[in-house]
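Please treat every number below as a calculation from the coordinates, not as lab data. Bear in mind that the values here come from a model prediction, so they are computed numbers and not experimental data. Using ideal geometry, Cβ is built from the backbone for each residue, glycine included, and neighbour counts are taken over all protein chains shown.
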Amino acid sequence: MLNAIHAQESFEAGMAKAESAADELDASKLREAARRIRDGVVETLTYTRFPMEHWRRIRTNNAIERLNRETRRRTRVVGAFPDGRSALMLVSARLKYVADGERGSRRYLDVTLLDG
């Protein structure tokens, strides 16, 4: 049901699908689940207020997750740091490298679509 809500083409369609899903849950005596859908669906559909070309990038944060995985991997390789500053220096150096490299220079969103 949740996938169907977020597969809709617009905010209004998503809200309508959420309401029908909540009604189905109510009919199945799953009132708490229905209440949670009704209470939280507006927040989960916020990305639909932006141009459709941005939806995938707004819904996911793969770039941040990739950086977090890389940071965890590098800190595990080192093992124990002498102090917090040395761990911070390692992470900062890696973030600076990524920002200065190819991944850091790619445009994440095309902001010209937001002008309209």
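With loop defined by DSSP as not H, G, I, E or B, and exposure as at most 11 other Cβ atoms within 10 Å, which is the longest segment of the chain clear of exposed trypsin sites (Lys or Arg not before Pro)? List each step's numbers first, then the result.
On the way: sites that count: LYS29, ARG106, ARG107.
With a cap of 11 other Cβ atoms within 10 Å, the longest stretch comes to 30-105.
Which shape class applies to the chain: rounded if a/c is under 1.5, otherwise prolate when a/b exceeds b/c and oblate if not, where a ≥ b ≥ c are the square roots of the Cα gyration tensor eigenvalues?
Oblate, because a/c is 1.5 or more while a/b does not exceed b/c.
Assuming a ≥ b ≥ c are the square roots of the Cα gyration tensor eigenvalues, decide whether region 61-107 counts as rounded (a/c under 1.5), prolate (otherwise, with a/b larger than b/c) or oblate. Don't skip to the answer; put the middle values down first.
Values: a/c = 3.06, a/b = 1.82, b/c = 1.68.
Prolate, because a/c is 1.5 or more and a/b exceeds b/c.
Please give the length that would be gained between VAL98 and ASP83 if that part of the chain were fully extended, namely 0.36 nm times their separation in residues minus their C-alpha to C-alpha distance (nm, one decimal).
Residue separation times 0.36 nm, minus the Cα-Cα distance, leaves 3.0 nm.
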